[in-house]
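Report on one structure; see the data block that follows.
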Amino acid sequence: MAKLQELINVSDLTTCEATAQMITKARKDGVELFFDRASNMKACPIGAESACCKHCSMGPCRMNVNSPYDRVGICGATIDTIVARNFGRMVAAGTAAHTDHGMGMLELFRDVINGKNTDFKIQDPMKLLEVAKALDIVTEGRELKEIALDLYAELEKTYTQVDGEIPMMKRVPPKTLESWRKEGIVPRGAMREIMEMMHRTAIGVDQDYENLTKQISRTALADGWGGSMVSTDITDILFGTPSPVEVEVGMGVLKEDKVNIIVHGHEPILLEAMIISAADPELKKMAIEAGAKGINLIGMCCSGLDALSRHGLPHAGNFSSTEAVLVTGAVDAMCVDVQCIKQDLKRVAECYDTPFITTNYRAKIEGALHIQLDEHDPLKCTEEIVIKAITRFKTRGKTIEIPRKTGLGVHGFSYEYINYMLGGSFRGSYKPLNENIINGRIRGVAGVVGCTNPRSKQDFSHVELVKELIRNDVLVLQTGCSQLALAKAGLTGPGAAAMAGPGLAEVCETVGMPPVLGLGSCVDNSRILIAASKMVRTGGLGETIADLPAAGCAPEWMSEKAIAIGQYFVASGVYTIFGHTFPMTKGTKFEKHLFEELETKGFGKWGFADDPLEMARLMIAHIDKKRQALGIDK
Ligand code: XCC
């Protein structure tokens, strides 16, 4: 192990007590974690500002971040072209991840309605009808299967269509859609947009940063209003639309006397299949015969958030804790599918004799055990994993240390439920929320989302930012690893209303809801888009999403997916702040374009701040600016 880690105080790495305890244990055990590598490997200063072009072999060309216009690349590419290209490719990669995930869910939906997959069935036919109606599919007097087949055919266009507009454009507020049409950024189909984005960012193609920005927005919109939205809707249809459920979050959900199985990744099918296998009477019996009190299934990261929202499944924590949880020694198996799976999980798992299993052919890890999950027979894979976990339980070492702390909170707030809870109908207009915003009890709405990052003290900015927002009467909607940070900190329960400002507290106490509403995984950011769309369509808060007193933030982001999400919120009209770092050369025209000019064209804009209180200040100032423009400022 490197020496520097001895110098880094654990309290500088994380505010998650359980993770801190496990970092300390890992150091004693001589096991390196990604926190240690982040401390020992400084970020490349040129790469951090995105001032390096490596799209051809004439380079790589490095620009001068202190004087970005003093040179150009060998082909003549300016700093604006270079940074825009790099940014565009991040958006393409993030969009590809979400849309590939969404397409997988859509294929599962097709197999379920065609009877090719009999392990799952449609759990929410009402949602199926709602989505079908929103897309102008005739529902009256027709069999559910017929409607479902039409819905499949329509939604497939989200990915494969080469011309026209993706189906979900029908759910965008008309004025917002009009502005996209004017700008030429309505997505045709995700595959086409990603392909064109990659083409236009190759050597010698699009060398106009403003023109590139249009394709960047079109690609990102194919994610938020396309791949991600289809994924959320289909997952709700197949596995149920979430409604509030009390859940424990934190490493304390591991049980010393049970077979602990962790599922980590993003696509719901692995965890849904695992839920069936963990409840299998034969396997439960096998676990008890092995001396365990039962099988304890636990989620992590986004697939965990999906199951937490729908089934109240316990959750062990966010991205920065996935290695640390293995250090407990109490994990009897960790199985993973796609996205945010650190390659080093395999080595850390080996250090604690935990079986580590990849299950998706798209995401193997060199040397790791792979048990392919066949979506036509998913239980074959998950049963094998349960058996491996039971076997490991029998031979567990004695050095188990499980941090006690968990946060008990309420999660599972779909956009349908938020409206219902505030006094509206389950699938109707957003009148009650709008009224509370207009009368000033709720000052505005903030989305606080995204990853954790070992270069940023884990959970700190998420928690401090949200505390400041609710203190100022801003209702907070959450997804992803951010939601887990707040859950661990105990801010997702109704008791958190005591920390809210008087107006928001009054609404929360009347309704019995927390001021921090967890909407689920990162693809579920599409729920925030639909909520925003419904607020606009309900009336009283302007005609476009850009008119709403709302703002977004990803304070500790790390993934390209986060950049794609940020860009689709900006293109949809939301002021979106990222923290910690931003892939941008300062003082460039492209920076001005993203951070200032887009707003003047009726979109949202990007913002950056490193300090959570500064993030909150910027978001609240923006919310107040929008309130003033709407004439509802009191
Ligand atoms: Fe990954 Fe989705 Fe980021 Fe968390 S928030 S680190 S992308 S798990 Ni999605």
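Report note on the peptides 481-492, 270-281: ranked by the mean count of other C-beta atoms within 10 Å, highest first, their order is 481-492, 270-281. Using a simple spin-label model with pseudo-atoms 7 Å out from Cα toward Cβ, residue 601 and residue 199 lie 2.0 nm apart. As a length-normalised measure over Cα pairs under 8 Å and 6 or more apart, the relative contact order of the chain settles at 16 percent. Shown here: segment 1-136, whose C-alpha atoms stretch 57, 52, 25 Å along the first, second and third principal axes, sorted largest to smallest. Here the chain is assigned +1 on the Cβ of each Lys and Arg and -1 on the Cβ of each Asp and Glu. Its dipole about the Cα centre then comes out at about 820 debye.
Overall shape of segment 346-400 was characterised from the C-alpha gyration tensor. The equivalent ellipsoid obtained from it has semi-axes of 23, 15, 5 Å, in decreasing order. Roughly speaking, what is the stretch gain from residue 257 to residue 145, that is 0.36 nm per residue apart minus the C-alpha to C-alpha distance, in nm to one decimal? Full extension from residue 257 to residue 145 adds 35.8 nm. Please work out whether segment 369-438 counts as rounded, prolate or oblate from its C-alpha gyration tensor, where a ≥ b ≥ c are the square roots of the eigenvalues and a/c under 1.5 means rounded, while otherwise a/b larger than b/c means prolate and anything else oblate? Oblate shape, in that a/c is at least 1.5 and b/c is the bigger or equal ratio.
The calculated FRET efficiency for residue 163 paired with residue 70, based on their beta-carbon distance and R0 = 41 Å, is about 0.45.
For segment 311-344 versus segment 589-634, the spacing of their alpha-carbon centroids is 36 Å. Placing pseudo-labels 7 Å out from each Cα toward the beta carbon at residue 293 and residue 210 gives an inter-label distance of 6.6 nm. Building the convex hull from the alpha-carbon atoms of segment 79-239 and averaging its projection over directions returns 9.8 nm².
For the chain, the residue among 101, 135, 74 whose Cα projects farthest onto the positive side of the dipole built from Cβ charges is 74. For segment 228-277, the alpha carbon convex hull comes to 115 Å³ per residue, rounded to a whole number.
Its convex hull of Cα atoms gives segment 278-333 a direction-averaged projected area, equal to a quarter of the hull surface, of 4.3 nm². Remark: segment 251-394 carries a charge dipole of roughly 300 debye about the Cα centre, counting +1 on each Lys and Arg Cβ and -1 on each Asp and Glu Cβ. Largest accessible area first, the residues 511, 476 order themselves as 511, 476 under a 1.4 Å probe with ligands, DNA and RNA left out. How high is the FRET efficiency from residue 628 to residue 178, r the C-beta distance, R0 30 Å, rounded to 0.05? That pair, residue 628 with residue 178, gives E of 0.80.
For residue 537, the accessible surface of its heavy atoms amounts to roughly 120 Å² (probe 1.4 Å, protein chains only, rounded to the nearest 10).
Each listed q (0.17 Å⁻¹) maps to a log10 I(q)/I(0) for segment 28-84 from the Debye sum over equal C-alpha point scatterers, namely -0.60. Highest mean packing first, where packing is the average number of other Cβ atoms within 10 Å per residue, the peptides 289-302, 125-138, 315-328 line up as 315-328, 289-302, 125-138. Compared with the alpha-carbon gap, the fully stretched path from residue 28 to residue 592 is longer by 198.2 nm at 0.36 nm per residue. With only Lys, Arg, Asp and Glu charged, each at its Cβ (+1 for the first two, -1 for the last two), find how big the charge dipole of segment 410-630 is about the Cα centre; round to the nearest 20 debye. Once rounded to the nearest 20, the dipole reads 240 debye. Positive-end ranking of 151, 365, 458 along the dipole of the chain, with charges on Cβ about the Cα centre, is headed by 458. The apolar share of the surface of the chain, taken as the fraction of accessible area on carbon and sulfur atoms (1.4 Å probe, ligands and nucleic acids excluded), comes to 52 percent.
Restricting the calculation to Cα atoms, segment 183-282 yields a radius of gyration followed by a Dmax of 20.9, 63 Å.
Averaging the Cα positions of each part gives two centres, and for segment 99-133 and segment 445-502 these lie 32 Å apart. Rg over Rh for segment 310-435 works out to 1.11, using Cα positions for both radii and the Kirkwood form for Rh.
Among 361, 417, the order of accessible area from largest down is 361, 417, computed with a 1.4 Å probe on protein heavy atoms. Pairwise Cα separations in the chain fall into 20 Å bins from 0 onward with the following percentages, short to long: 20, 55, 25, 1.
Size check on segment 410-630: the Cα extents along the three principal axes, sorted descending, read 48, 37, 28 Å. Multiplying the residue separation of residue 121 and residue 439 by 0.36 nm and subtracting their alpha-carbon distance yields 110.1 nm.
Relative to its Kirkwood radius, the Cα radius of gyration of segment 251-394 gives an Rg/Rh of 0.92. Put simply, when 98-108, 377-387 are sorted by average Cβ atoms within 10 angstrom per residue, most first, you get 98-108, 377-387. Mean sequence separation of contacting Cα pairs (under 8 Å, at least six apart), scaled by the length of segment 493-634, corresponds to a relative contact order of 20 percent. Computed on protein heavy atoms with a 1.4 Å probe, the accessible areas place 171, 362 in the order 362, 171, largest first.
The values are calculated or read from the model by the stated rules, or taken from the named source; none is laboratory data. Please read all numbers here as calculations on a predicted model, not as lab measurements. Methodologically, a virtual Cβ is constructed for each residue, glycine included, from the backbone with ideal geometry; neighbour enumeration extends over all protein chains shown. Ligands, DNA and RNA are excluded from the accessible area calculation, which covers all protein heavy atoms including side chains. Shrake-Rupley method; radii C 1.70, N 1.55, O 1.52, S 1.80 Å.
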